[in-house]
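So the structure is just underneath, and the comments pick up after that.
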Amino acid sequence: MKFKFVIAVICLFSTGNNLFAQGDLLITPTRIVFEGSKQMEEINLVNLGKDTTTYSISLLHYNQTPNGGYKIIKRSEAGAMIADPFLRFFPREVTLAPGEPQVIMLQYRRKAEMASGEYRAHLYFRSEKDYKQLSNKIMDTLKTVSVQLIPIYGISIPVIIRTGALNVITSLTNLRLETEKDSIKSLNLFINREGNCSGYGDLTVKFIPLKGKTIELGRVKGVKIFTDLNQLSVSVQLVKLPVLALKEGKIKVLYTSPGDTKYIVYAEKELPISQQETEITQIGANPDNVK
C-alpha cells in the first residue's frame, strides 16, 4: 500500500495570559506593548518537551476576523501601521534541549516620522523538527495506515507599539441570551471600538437580582479587538442554570482592564430579565430592550 503523509501546520495565538504553552514550548509574556519610554523586552522560552527542538523566530501579520479568529496576510496588505520597521530581535533561531530555557531580546527603535497611533506585528515561533525524517520512520514501522497527520506547531504573540496621541472608546451592544432546552447556555454580544488603538480586557457577566446577592455567570479573560476591526462578536459561556433561576433582575456585562492591572471599566451594558421564562429569549433577541 502506498503511504501518504499530510503535514498539518497549526498556528496558535496567545489567549492573553502571562504564560502560554503549546506544542511543548512555554512562552512568557504572551503580549508585548511598547509605549512611553519602554524600548526593550525579554521573552522567556522553555522547552517542555522530551526532545531537543529548534525554533525559528520571525514576524508575521494577521487581520482579526469579526468572530475573533485570525487571517494571515502579506506584509504589503498590512497597511502603514506595521511594527516591523521599528523592531529588532535576537536570536532568530534557538535550539533547546528538554527543560532548557532561552531569552529572546526584543528592541523597539522609535523613528521621528512615526504617525500617532498603534503599530502591530506578531512574533511567530515555529518548530523546525525534521518532519521528513519522522515520516520515514513512521512509514518503516506502519503497514496499514494510509494517512498520518503530522502537526507543525507555530505560536504567535502580538507585539504592539503605541505612540503619539492615542484614543480608544469601546462599547457593548446587542446582548442576546442563548438557551438550550431549559438552561441558559451563553450570552452573545458585540464589542464596538472607535479610535486609533486596540481594545484589550476581560469580559465579566453578572446577574443582579432585585433581592439577594449578585452572581457571576461567566468570564472571558484577555479579549482583544484590534484596530482592523470596529466590531467583534463574542460569546461568553455561562454557568449552567435553569432559565427560571434568572428572574426579577438584570444581567450586567462589564468590559474591564485585565486582572493584573489597575481596575478600570471600559464599557458596560445591562439586559433586563423578565419574570416569565418565555420572555427571556424574546428580550435577548431584541436589541431595543437593552439599556
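Annotation: residue 168 fulfils all but one of (1) under 30 Å from residue 272 (Cα atoms); (2) modelled with pLDDT under 95; (3) among the β-branched types (Val, Ile, Thr); the unmet one is (2). Among residues of the stretch 7-59 being surrounded by 13 or more Cβ atoms within 10 Å (Cβ to Cβ) and at positive phi, the one that is modelled with the highest pLDDT is 24.
For the residues 291, 247, the requirement of being modelled with pLDDT under 90, more than 30 Å from residue 73 (Cβ to Cβ) and outside the structural domain of residue 174 (by TED's automatic domain parsing) singles out 291. Out of 66, 98, 85, which single residue is touching an Asp or Glu at 6+ places or on another chain (Cβ under 8 Å), outside any strand (DSSP E or B), assigned by TED's automatic domain parsing to the domain that holds residue 122 and of a type outside the set (D, E, K, R)? Of 66, 98, 85, the one residue that is touching an Asp or Glu at 6+ places or on another chain (Cβ under 8 Å), outside any strand (DSSP E or B), assigned by TED's automatic domain parsing to the domain that holds residue 122 and of a type outside the set (D, E, K, R) is 98. Each residue in the stretch 193-237 was checked for being buried (at least 16 other Cβ atoms within 10 Å of the Cβ), among the β-branched types (Val, Ile, Thr), part of a strand (DSSP E or B) and in contact (Cβ under 8 Å) with a residue 40 or more places away in the chain, and 6 of them qualify. Residue pairs whose Cβ atoms lie under 8 Å apart, sitting 6 or more positions apart in sequence or on different chains, and linking a residue in the stretch 174-192 that is closer than 15 Å to residue 206 by Cβ to a partner that is assigned to a loop (DSSP other than H, G, I, E, B), are 175/290; 184/246. So which of 162, 176 is among the charged types (D, E, K, R), under 30 Å from residue 125 (Cα atoms) and in a strand (DSSP E or B)? Of the residues listed, the single one that is among the charged types (D, E, K, R), under 30 Å from residue 125 (Cα atoms) and in a strand (DSSP E or B) is 162. Considering only residues in the stretch 30-56 that are in a loop (DSSP other than H, G, I, E, B) and of a type in the set (Ser, Thr, Tyr), the one that is nearest to residue 111 (Cα to Cα) turns out to be 37. In the stretch 223-230, the count of residues that are acidic (Asp, Glu) and under 16 Å from the mean Cα position of the chain (by Cα) is one or more.
The values are calculated or read from the model by the stated rules, or taken from the named source; none is laboratory data. Quantities reported herein were computed from a predicted structural model and do not represent experimental measurements. Virtual Cβ from ideal backbone geometry, glycine too; neighbours counted across all protein chains shown.
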